[in-house]
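In what follows, a structure is listed as structure tokens, so that the remarks can point back to it.
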Amino acid sequence: MLKHRGFPSRLPGTDHQFTIRRASKAGATRLAARKRHADRRPGDRAADEGFLAALIEYFGEDAFPRGNLDAGRLSWLLGREVVPAEPDAFDPEDYDARLRVDMAAARRGFPALFADADAGDHDDAGEGEEWA
């Protein structure tokens with residue numbers, strides 16, 4: 001199992017885990033897309049956002065192996081913001097399964113992560129105008 005060195009192990013100040021320490025003797029926990037309901041606790045939503053932010057910072061749009069990333073945390077994003085990099089060869093029970101962040105879905109699902117980047121993309125309407 002590949003360990004992603006430098007990847008945060010948990011959401012700071014919480015017990016929301018992002019990585020695991022060692023491979024399971026029984027094999028990798030199966031990844032399965034979990035339905036996110038609107039009434040999820042704020043801490044769980046913050047953990048999803050923090051995990052996605054870490055994935056984007058660490059991997060960007062590049063494909064990455066699942067490695068030591070927590071199956072439970074990945075499953076909350078799987079099928080939406082995190083998708084198989086090679087859908088035909090994807091094995092949800094393999095530590096070597098390759099994934100990638102779908103940036104368009106990430107923007108739709110977690111717009112606050114991109115607020116600073118998007119602020120620089122818009123022209124100011126009054127820029128260059130003289131006021132009387």
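No lab work stands behind these numbers, since they all come straight from the coordinates. Note that the coordinates shown come from a computational prediction; the quantities given were computed from them, not determined experimentally. Cβ sites come from the backbone with ideal geometry, for glycine too, and all protein chains shown count toward neighbours.
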10 Å Cβ shell holding at most 14 others, DSSP loop, GluC sites (Glu not before Pro): longest site-free stretch of the chain: 1-60
For the chain, size of Cβ-based charge dipole, Lys and Arg +1, Asp and Glu -1, in debye: 1400 debye
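Tally Lys and Arg at +1 and Asp and Glu at -1 over the other residues with C-beta under 14 Å from the C-beta of SER9: what net charge comes out?
Details: positive: LYS3, ARG5, ARG10, ARG21, ARG22, ARG73; negative: ASP15, ASP70.
Every neighbour counted, the sum reads +4.
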Can you give me the relative contact order of the chain as a percent, contacts being Cα pairs under 8 Å and 6 or more apart? 28 percent
At 0.890 mPa s and 25 °C, plugging the Kirkwood radius over alpha-carbon pairs of the chain into Stokes-Einstein gives what diffusion coefficient in µm²/s? 152 µm²/s
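Going by average Cβ neighbours within 10 Å, how do the peptides 39-45, 10-16 rank, with the highest at the top? If you can, show how the numbers build up before the last one.
On the way: 39-45: 10.3, 10-16: 12.7.
Going from most to least packed, we get 10-16, 39-45.
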Using 0.36 nm times the number of residues separating ALA85 and ARG45, minus their current alpha carbon distance, what extension gain do you get? 12.0 nm
Return one number: the angle in degrees, 0 to 90 and rounded to the nearest 10, between the long axis of the Cα atoms of helix 42-59 and the longest principal axis of the Cα atoms of the chain. 90 degrees
Quick one: order LYS25, LYS3 by neighbouring beta-carbon count within 10 Å, fewest to most. LYS25, LYS3
Where does the charge balance sit around ARG22 when Lys and Arg score +1, Asp and Glu -1, over other residues with C-beta under 15 Å from its C-beta? +4
